[in-house]
There are 2 protein chains.
Amino acid sequence: MEIKIANNERIDQLYAEDVKIIQSKDVFSFSLDAVLLAHFASTPAKGVIVDLCAGNGAVGLFLSRRTQAKITGIELQERLADMGQRSIQLNQLEKQIQMVHLDLKNVFQLIEADSVDLVVCNPPYFKESATSHKNPNQHLAIARHEIHTNLKEVVQVSSKLLKTNGKLSLVHRPERLVEILNTFQEFHLAPKRIQFIYPKKAKEANMLLIEGIKYGKVDGLKLLPPLFAYNDQGTYSDEIRSILYGD
Amino acid sequence: MEIKIANNERIDQLYAEDVKIIQSKDVFSFSLDAVLLAHFASTPAKGVIVDLCAGNGAVGLFLSRRTQAKITGIELQERLADMGQRSIQLNQLEKQIQMVHLDLKNVFQLIEADSVDLVVCNPPYFKESATSHKNPNQHLAIARHEIHTNLKEVVQVSSKLLKTNGKLSLVHRPERLVEILNTFQEFHLAPKRIQFIYPKKAKEANMLLIEGIKYGKVDGLKLLPPLFAYNDQGTYSDEIRSILYGD
């Protein structure tokens with residue numbers, strides 16, 4: 001079977017995971033956020049994983065290297081879902097991963113409530129408002145701004161999908177920490193692990209990873225060691241290099 | 001005037017601040033927590049500062065070097081309040097600082113509601129329960145366990161003391177982050193800055209510093225750069241040395 005790669009697309013490789021991913025900067029490219037989310041998530045050995053706001057499917061592709069679980073990516077944008085499906089074929093992972101073009105509101109048409117072991121999500125980070133500065137490229141604006149979904153909906157749908165003791169792993173922005181924790185509590189997800197990512201030493205955090213457990217105990221939150229994206233020389237830190245390249 | 005130092009007491013000095021503090025390991029000694037709390041707090045140039053759970057008064061003594069504000073330490077344990085008052089005399093700071101032996105529940109006998117610019121607090125960290133492992137030394141148990149006060153009361157009293165836009169700076173344990181943020185919200189304190197302290201690289205955080213602003217805006221939380229207490233050699237990190245010794 002031949003896999004079509006459009007003119008404005010390229011194939012990137014994540015070396016540490018030996019995964020090939022079809023990318024296009026015209027619509028969306030996976031970033032460090034997706035790599036760190038996949039690295040952070042506690043994967044079940046088997047069972048069911050759902051990737052909400054899956055984009056071009058990068059998180060599911062990375063996770064497939066660590067688990068036998070079936071992985072379903074849910075993506076609202078048809079163009080991205082199609083790229084994701086072709087990346088799955090390129091890696092010959094059709095038996096483990098599927099990419100579905102679907103609004104996450106409608107995910108229960110496809111996947112039963114209370115049936116999922118792990119939900120991962122790299123959602124739009126920025127609140128939608130009349131004055132918010134959005135990317136004129138509609139594909140990128142939808143990926144970054146809460147235009148078609150928002151934090152509350154993502155957490156609500158995730159919690160409904162999960163089995164008791166199932167886990168949600170989310171990457172988001174630190175300035176929304178309070179709202180994230182409130183929403184986790186509202187939908188019965190007990191925060192268990194949080195990790196902050198700092199661009200470099202002596203800078204404020206610009207990313208957070210958080211894991212919640214459905215109907216989990218409220219106590220026992222762990223704050224994982226901080227991760228620095230870049231070192232003083234402006235290149236990836238040793239920790240990030242190890243995650244990206246397996247050095 | 002002669003200041004009495006008991007046999008089981010000693011005088012410690014915080015070099016960076018040039019402050020002398022009467023200490024006794026029999027009842028309580030200030031620790032890195034107090035130093036970091038004082039360092040973290042945003043001090044008003046003048047006005048009123050209250051230190052709740054003041055212990056031997058270390059936080060107020062450190063803060064006095066950075067502000068003209070009047071500082072009142074509130075301490076439940078008479079023995080500690082007395083040590084604190086003698087330390088104030090030792091540093092000739094009687095005009096700026098006072099130490100009061102008082103249960104924080106009764107602080108409004110002394111200080112009006114809505115009148116304070118900054119509250120600092122290094123409260124007992126550990127929940128009180130029949131099974132909790134407490135120090136047999138009652139002085140230390142009261143300082144560490146929520147025997148006579150608890151997080152909710154501390155935050156409630158702090159918020160009531162503060163003016164609108166007044167600030168609470170608190171040091172606590174990361175595993176209680178969710179409860180801290182919930183309690184801040186309950187008592188109208190908007191979290192503005194959080195800093196996590198890690199014992200060393202690649203370890204989970206064991207301390208957190210948090211600042212809330214009374215009736216502040218909910219957005220705009222900053223996650224400050226992480227602090228590591230010790231370096232790989234097991235001695236204080238450069239950042240901590242600088243805070244302790246002014247190196």
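When chain A is modelled as a GNM with alpha-carbon springs shorter than 10 Å, which of A:Leu224, A:Leu118, A:Leu61 fluctuates the most? Between A:Leu224, A:Leu118, A:Leu61, it is A:Leu224 that shows the largest mean-square fluctuation. On the rotation that sends chain A to chain B, the chain A Cβ lying closest to the axis gives residue and distance in whole Å as A:Pro226, 2. With semi-axes defined as the square roots of five times the eigenvalues of the C-alpha gyration tensor, the equivalent ellipsoid of region B:10-245 measures 23, 22, 20 Å, largest first.
Taken per residue, the accessible surface of chain A reaches 45 Å², heavy atoms only and a 1.4 Å probe. Free of any GluC sites (Glu not before Pro) that DSSP assigns to a loop and that have at most 12 other C-beta atoms within 10 Å, the longest stretch within chain B is B:113-247. Rounded to the nearest 5, the antiparallel percentage of DSSP beta bridges internal to chain A is 45%. Going from the chain on its own to the full set of protein chains, region A:156-197 has these residues losing 30 Å² or more of accessible surface (heavy atoms, 1.4 Å probe, no ligands, DNA or RNA): A:Glu175, A:Leu177, A:Val178, A:Leu181, A:Asn182, A:Gln185, A:Phe196. Which residues belonging to region B:212-226 lose at least 50 Å² of 1.4 Å-probe accessible area when the assembly is complete, relative to their chain isolated? At a threshold of 50 Å² (probe 1.4 Å), the residues of region B:212-226 that become less exposed are B:Leu221, B:Leu223, B:Pro225, B:Pro226.
Oblate is the label for region B:51-124. Its Cα gyration tensor axes, ordered a ≥ b ≥ c, give a/c of at least 1.5 and b/c at or above a/b. Each Cα pair under 8 Å and six or more residues apart adds its sequence gap; the mean of these over the residue count of region B:118-219 is a relative contact order of 29 percent. List, in the order given, every pair from B:Lys105/B:Lys214; B:Lys134/B:Lys222; A:Lys127/A:Lys152 whose Cα-Cα distance in the structure shown is over 23 Å. Distance filter (> 23 Å) returns B:Lys134/B:Lys222.
As a length-normalised measure over Cα pairs under 8 Å and 6 or more apart, the relative contact order of chain A settles at 17 percent. Normalising by residue count, region B:1-142 has a Cα convex hull of 118 Å³ per residue. For the residues A:Ser158, A:Ser87, A:Ser42, a GNM of chain A with alpha-carbon springs under 10 Å puts the largest fluctuation on A:Ser42.
Give me the Debye-computed log₁₀ of I(q)/I(0) at q = 0.18, 0.30 Å⁻¹ for region A:131-187, equal point scatterers on Cα only, no solvent, two decimals. These q points yield log10 I(q)/I(0) values of -0.72, -1.27.
When nucleic acids and ligands are ignored and a 1.4 Å probe is applied, B:Thr43 ends up with an accessible area of around 40 Å².
Computed over the protein assembly as shown, the P(r) tail beyond 42 angstrom holds 28 percent of alpha carbon pairs.
Here the protein assembly as shown has 48 percent of its accessible surface on carbon and sulfur atoms, given a 1.4 Å probe and all protein chains in place.
Only DSSP H runs of four or more residues enter the estimate; each adds -39500 (n - 2.57), and after division by the residues of the protein assembly as shown the mean residue ellipticity at 222 nm equals -7500 deg cm²/dmol. The lysines within cross-link reach of A:Lys4, meaning a Cα-to-Cα straight distance under 16 Å and a gap of 8 or more places when in the same chain, are A:Lys20.
For region A:105-247, the average shadow cast by the Cα convex hull is 10.7 nm², which is a quarter of the hull's surface. Using a 1.4 Å probe over protein heavy atoms, the accessible area lost on pairing B with A, summed over both chains, comes to approximately 2000 Å².
GNM on chain A, alpha-carbon springs under 10 angstrom: the most fluctuating residue among A:Ile111, A:Ile21, A:Ile97 is A:Ile111. Can you tell me the convex hull volume per residue for region B:1-68, based on C-alpha atoms, in Å³ to the nearest whole number? Convex hull of Cα atoms, per residue: 107 Å³. Each semi-axis of the equivalent ellipsoid for region A:192-247 is √(5λ) with λ an eigenvalue of the Cα gyration tensor; in descending order they amount to 27, 13, 7 Å. Cross-link partners of A:Lys200 among aspartates and glutamates, defined as those whose alpha carbon lies under 14 angstrom from its own and excluding same-chain residues fewer than eight positions apart: A:Asp232, A:Asp238, A:Glu239.
The values are calculated or read from the model by the stated rules, or taken from the named source; none is laboratory data. Keep in mind that this is a model prediction, so the values were computed, not measured. Heads up, the Cβs are rebuilt from the backbone with ideal geometry, glycines too, and the neighbour counts pull from every protein chain shown. Accessible surface is based on the protein model in full, side chains and every heavy atom, while ligands, DNA and RNA are left aside. Shrake-Rupley method; radii C 1.70, N 1.55, O 1.52, S 1.80 Å.
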